[in-house]
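The values are calculated or read from the model by the stated rules, or taken from the named source; none is laboratory data. Quantities reported herein were computed from a predicted structural model and do not represent experimental measurements. Glycine also receives a Cβ, built like all others from the backbone with ideal geometry; neighbour counts cover every protein chain displayed.
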Amino acid sequence: MRLVSYTLRGVTRAGVLRDNDDIVDSNRALAARLGQDGATNPALAADGLVPSNMLDLLAFGEPARDVIRETLTWLEGSGTDREELIAAGIVTSLAEAQLAAPIPRPGKVMAIGINYRAHASEMARELPAHPTVFTKVSTSIEGVGHPIHAPRESHMLDWEGEFCVVIGRRARHIPADRAMDYVAGYMNGNDVTVRDWQEHTPTWMMGKSWDTHGPTGPWILTRDEVPDHHALHLKTYVNDLEKQSAPLSDLLFDVPALIEYLSTAFTLEPGDVIFTGTPAGVGKARDPQEWLADGDTVRVEITGLGSLVNPVITEPDPS
């Protein structure tokens, strides 16, 4: 399934994006199903099984996702006219809605640096003995189509296309051989970086966490749809020119290793996001160096995860 957070008339809810570009509101679809089955208060019952926001939906785990799958099957067989479903708020055309970041405000946003051999080489860094971990604050997160702000304080704005992992279960001390059981799904990400501010501190945080500098999406592809994430391929484009291209098999520390390492120190929770690192091809490493600027467009694509497209604009004047 392709899980999305969509905004319609100022309200953001969770849903499933279908192949025909219809968004099915999973909570409302379940309420309709329960109502047909004779539930006394179907809306309340649906809230208790499939919440209407993504963070709570992920916290309900695989049982909630199973209910969504069953409900989609029921909906397809119900014979209900599409216009009736639209009128009931169960279906919304993608063209009518704005996709938000799949998880608009994750509890934790963890990121890994220097996780591709070629990227370590282009940045003149030694291969790490352990994952290089930093954090991005949750207010950096944006969705597809939303603008990346080019700051007035720096011109050194760089792209970093990345494969993101979404945690689906709460746990600590997760061994690598069981780590995939704790993954809800995957999505594209762009670890946008202000390079000179990145060097202000050894933690990199001030260069990694500017508002709008963590685009993700357009959807979460559930783990059952990806038999082997190592087989996926990542590409990043700036203004339709390819800048990065690498198979995920090139990751120095793969997803199970990262989950084991991170969960050794702290509890992972549903909706937490891991940016797994960027491959070679960033702007800083080019000769001459290349930087994002007002009018540019960045596109990150990973096999099966759609296109994460974001325009770059000058950060609006706060006054």
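Regarding residue 130, is this residue of a type outside the set (A, V, I, L, M), in the same structural domain as residue 223 (by TED's automatic domain parsing) and farther than 20 Å from residue 257 by Cβ? If you could, list the steps in order and put the result at the bottom.
Numbers: of a type outside the set (A, V, I, L, M): yes; in the same structural domain as residue 223 (by TED's automatic domain parsing): yes; farther than 20 Å from residue 257 by Cβ: no.
Criteria not met by residue 130.
Would you check which residues across region 127-160 are charged (D, E, K, R) and closer than 17 Å to residue 204 by Cα and list them?
Kept after step one, since they are charged (D, E, K, R), are these residues of region 127-160: 136, 142, 152-153, 158, 160.
Of everything in region 127-160, those that are charged (D, E, K, R) and closer than 17 Å to residue 204 by Cα turn out to be 136, 153, 158, 160.
Restricting the search to region 98-113, which residues are crowded, with 19+ Cβ neighbours inside 10 Å and assigned to a loop (DSSP other than H, G, I, E, B)? Give the derivation first.
At the first step, the residues of region 98-113 found to be crowded, with 19+ Cβ neighbours inside 10 Å are 99-103, 106, 109-113.
Within region 98-113, 100, 101, 102, 103, 106 qualify.
Figure legend. Inter-residue proximity from region 11-30: first residues more than 10 Å from residue 71 (Cβ to Cβ), second residues of a type in the set (Gly, Ala, Ser) and outside any loop (DSSP other than H, G, I, E, B), beta-carbon distance below 7 Å, spacing 6+ or different chains. Indicated pairs: 12/5; 14/5; 14/26; 15/26; 21/93; 22/93; 23/15; 25/15. Filtered by the rule that a residue be surrounded by fewer than 24 Cβ atoms within 10 Å (Cβ to Cβ) and in a helix (DSSP H, G or I), region 198-227 gives 198, 205, 206, 207, 223, 224, 225.
What residue, among those in region 293-319 that are hydroxyl-bearing (Ser, Thr, Tyr) and more than 21 Å from residue 193 (Cβ to Cβ), is modelled with the highest pLDDT? Before you say what the answer is, go through the steps one by one.
Filtering region 293-319 down to residues hydroxyl-bearing (Ser, Thr, Tyr) leaves 297, 303, 307, 314, 319.
Within this subset, residues satisfying the condition of being more than 21 Å from residue 193 (Cβ to Cβ) are 303, 319.
Numbers: 303: 96, 319: 69.
So, considering only residues that are hydroxyl-bearing (Ser, Thr, Tyr) and more than 21 Å from residue 193 (Cβ to Cβ), the one modelled with the highest pLDDT is 303.
The lone criterion from (1) within 25 Å of residue 233 (Cβ to Cβ); (2) at pLDDT below 95; (3) more than 20 Å from the chain's Cα centre (by Cα) left unmet by residue 131 is number (2).
Considering only residues that are in a helix (DSSP H, G or I) and closer than 25 Å to residue 234 by Cα, which ones fall in region 255-283?
Scanning region 255-283 gives 255, 256, 257, 258, 259, 260, 261, 262, 283.
Against the test of being surrounded by fewer than 24 Cβ atoms within 10 Å (Cβ to Cβ), in contact with a His (Cβ under 7 Å, 6 or more places away or on another chain) and either outside the structural domain of residue 52 (by TED's automatic domain parsing) or modelled with pLDDT of 95 or more (or both), the options 154, 121, 140 yield a single qualifying residue, 140. Of the residues screened, residue 263 is not one that is farther than 30 Å from residue 150 by Cα, exposed (fewer than 15 other Cβ atoms within 10 Å of the Cβ) and either at pLDDT below 95 or not charged (D, E, K, R) (or both). Residues that are touching a strand residue (DSSP E or B) at 6+ places or on another chain (Cβ under 8 Å) and outside the structural domain of residue 188 (by TED's automatic domain parsing) do not occur anywhere in region 42-49.
Any chance you could count how many residues in region 50-64 are closer than 16 Å to residue 90 by Cα and surrounded by fewer than 19 Cβ atoms within 10 Å (Cβ to Cβ)? Matching residues across region 50-64 total 1.
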